[in-house]
Amino acid sequence: MAEGRGERGYMIEWLKGMGYSPDTRMAGAIAEWWGWYTARNDFYDYRVQRGQDYYPVHRETLMPAAAVAEEWSSLLMNERLEIGSPDESMAAVIAEHFTDFGVGRAEFVAESFALGTGALAASVSGVSGDGTMNPHADISVLAHTGAAVMPLTWTDRGCDQCAFASRVEIGGRDYDQCQAHVIAGGTYHILTRLFDTQTHKAVEAEGVIPDLDTRSPLPTFALVRPAIPNTLFAHCAMGASVFSRGISAIKATDEALTSFLVHMRVGRPKMFVQDTMIAKRTVEGPDGVKRTVYDAFGEADDIVYRVPPGEEGARSMEVVQPDLRTEENERAVSAGLKMLAFDCGLGDNYWSWDSKTGIKTATEVVSDSSMLARNMVRHQNSLEKAIVRIVRGVAGICRGVCGAPVNAEAEVSVDFDDGVITDTAADKQTMLAEIAAGVVPKWMYLVAFFKKSEEEARAMLPEAVLDPGF
């Protein structure tokens with residue numbers, strides 16, 4: 001992923017010098033969402049005035065914004081995500097460049113959903129300066145998030161030219177890199193410019209091609225955005241954070257947590273002990289000064305308070321136990337989490353806590369709320385388009401740069417883990433019961449749950465030799 005989140009004006013000037021106008025309107029919103037994602041902003045660390053002095057204050061956090069982004073990523077990007085193609089040449093490209101894509105890109109999707117936009121962009125190295133085909137060229141897919149993504153041209157159908165900022169290491173030295181994926185002469189070109197990390201001046205490095213023609217008309221990048229409307233700018237290639245509607249719920253959750261911890265801190269027992277009950281002795285320091293040392297209760301000294309001797313008959317020791325208000329604070333935290341889940345599309349009870357049964361299971365949550373199912377399908381559709389686009393883009397480079405016989409326009413399928421939406425275990429039991437009752441043929445079980453074709457399933461489970469006890 002791209003490193004650094006500072007000013008990229010020098011990259012923007014380079015892009016403008018080539019006639020492009022990078023869209024940076026979302027930079028302010030992205031910086032704000034980053035503050036909530038990392039729990040580092042003025043809400044969490046601020047100062048209060050007491051008299052003429054200012055004191056720092058820190059608010060505690062459950063990292064609710066990060067929890068939302070990571071939860072959506074875990075639902076979408078896991079080991080069960082499968083990318084495939086019925087075309088053998090395309091399947092070979094997928095096997096080489098997109099193995100373990102679900103787990104490997106989970107962190108990237110979480111950050112992209114948090115900041116509203118991410119991008120997967122192809123990068124090519126190992127090509128000679130004259131740009132001739134090289135079957136051994138190294139093709140990789142780089143991930144960029146937030147303000148590192150700078151759209152150049154776009155329409156309502158999507159972004160067709162874009163630039164990306166990143167930190168790269170070449171020959172043992174770090175550089176700031178800007179790569180622009182643009183269309184020239186009907187094919188995509190990857191324009192690369194390196195900058196010194198300190199002076200931001202343009203520099204050159206051996207092996208870096210300033211203008212690489214991929215010889216492919218297919219887009220060499222794909223924007224990854226949550227299915228959340230961008231209400232800040234109507235005509236914009238970039239998206240909105242998955243928790244953009246839940247800022248108030250984030251505040252409520254962490255305000256409740258802070259109250260909980262404050263009560264725990266100030267609610268420790270306090271012992272008020274008469275001075276006559278505490279052993280004391282006089283010691284002489286290295287400087288010869290004598291002082292009185294009180295020996296109270298060892299580790300409990302920080303909750304013991306000395307008081308002057310009381311009247312005759314008064315209690316010599318008193319313990320005060322403040323009310324921790326545990327139940328009230330637990331309800332407040334739970335209310336904040338419920339609001340957060342609802343505002344961020346996970347459903348009203350996704351993070352609910354039941355005093356008898358504890359946290360609800362995914363099956364119970366889905367059965368309680370259709371919101372999660374609807375929003376999950378919307379996010380899947382958005383993510384699927386991006387995955388298919390970058391897969392075909394890499395295939396196009398394999399064909400154009402490496403000369404591989406790849407059908408880059410072949411069908412590409414993306415299968416997500418729908419176990420959260422559809423209770424797979426329950427569906428299996430239902431179908432087995434229907435098979436036992438003779439309602440459906442047994443081969444359909446292999447089609448439904450083992451992704452076999454009808455022909456393969458019929459061959460494996462011919463009805464004539466199967467008994468009803470399957």
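The values are calculated or read from the model by the stated rules, or taken from the named source; none is laboratory data. All of these numbers come straight from a predicted model, not from anything done at the bench. Neighbour counts run over all protein chains shown; Cβ positions are idealised from the backbone, glycine included. Side chains included, ligands, DNA and RNA excluded: accessible areas come from the protein's heavy atoms. Shrake-Rupley method; radii C 1.70, N 1.55, O 1.52, S 1.80 Å.
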**Study point:** Extreme residue, nearest to the chain's Cα centre (by Cα), among residues of the range 229-268 that are more than 17 Å from TRP34 (Cα to Cα) and β-branched (Val, Ile, Thr)
**Key:** THR253
Check your understanding: How do the pairs read when you match residues in the range 197-222 that are within 16 Å of PHE164 (Cβ to Cβ) with residues anywhere that are open to solvent by 80 Å² or more (accessible area, probe 1.4 Å) and part of a loop (DSSP other than H, G, I, E, B), using Cβ under 9 Å and keeping only pairs 6 or more apart or on different chains?
Key -> PRO210/GLU204
Exercise for review: Give the number of residues within the range 372-398 that are more than 20 Å from the chain's Cα centre (by Cα) and hydrophobic (A, V, I, L, M, F, W, C).
Suggested key: 6
Exercise for review: Kindly check whether there is at least one residue in the range 221-228 that is farther than 30 Å from TRP351 by Cα, open to solvent by less than 30 Å² (accessible area, probe 1.4 Å) and among the hydrophobic types (A, V, I, L, M, F, W, C).
Suggested key: yes
Review point. Mind checking which residues of the range 284-310 are in a strand (DSSP E or B) and either at pLDDT below 70 or surrounded by 10 or more Cβ atoms within 10 Å (Cβ to Cβ) (or both)?
Key: TYR294, ASP295, VAL304, TYR305, ARG306, VAL307
Check your understanding: Quick one: how many residues across the range 185-204 are hydroxyl-bearing (Ser, Thr, Tyr) and assigned to a strand (DSSP E or B)?
Key -> 3
Point to revise | Residues of the range 229-258 classified as part of a loop (DSSP other than H, G, I, E, B), open to solvent by 70 Å² or more (accessible area, probe 1.4 Å) and of a type in the set (S, T, N, Q), total | key: 1
Exercise for review: Report the residue count in the range 158-184 for those that are in contact (Cβ under 8 Å) with a residue 24 or more places away in the chain and either in contact with a Lys or Arg (Cβ under 7 Å, 6 or more places away or on another chain) or not in a strand (DSSP E or B) (or both).
Suggested key: 4
**Study point:** Residues within the range 151-175 that are under 24 Å from the mean Cα position of the chain (by Cα) and farther than 17 Å from ILE390 by Cα, tallied
**Key:** 4
Exercise for review: Could you check how many residues of the range 40-80 are open to solvent by 80 Å² or more (accessible area, probe 1.4 Å) and closer than 25 Å to VAL414 by Cβ?
Suggested key: 3
Exercise for review: Could you give me the residue pairs with C-beta distances under 6 Å whose first residue belongs to the range 128-157 and is open to solvent by less than 50 Å² (accessible area, probe 1.4 Å) and modelled with pLDDT of 95 or more, whose second residue is in a helix (DSSP H, G or I) and among the aromatic types (Phe, Trp, Tyr) wherever it lies, and which are 6+ apart or on separate chains?
Suggested key: ALA143/PHE108
Review point. If we keep just the residues of the range 259-283 that are polar (S, T, N, Q) and in contact with a Ser or Thr (Cβ under 8 Å, 6 or more places away or on another chain), which is surrounded by the fewest Cβ atoms within 10 Å (Cβ to Cβ)?
Key: THR282
Practice item. Considering every residue within the range 191-203, establish whether at least one is modelled with pLDDT under 95, farther than 24 Å from SER21 by Cα and either of a type in the set (D, E, K, R) or surrounded by 14 or more Cβ atoms within 10 Å (Cβ to Cβ) (or both). Key: no
Exercise for review: Could you tell me whether LEU115 is modelled with pLDDT of 95 or more, buried (at least 20 other Cβ atoms within 10 Å of the Cβ), under 21 Å from GLY9 (Cβ atoms) and within 20 Å of the chain's Cα centre (by Cα)?
Suggested key: yes
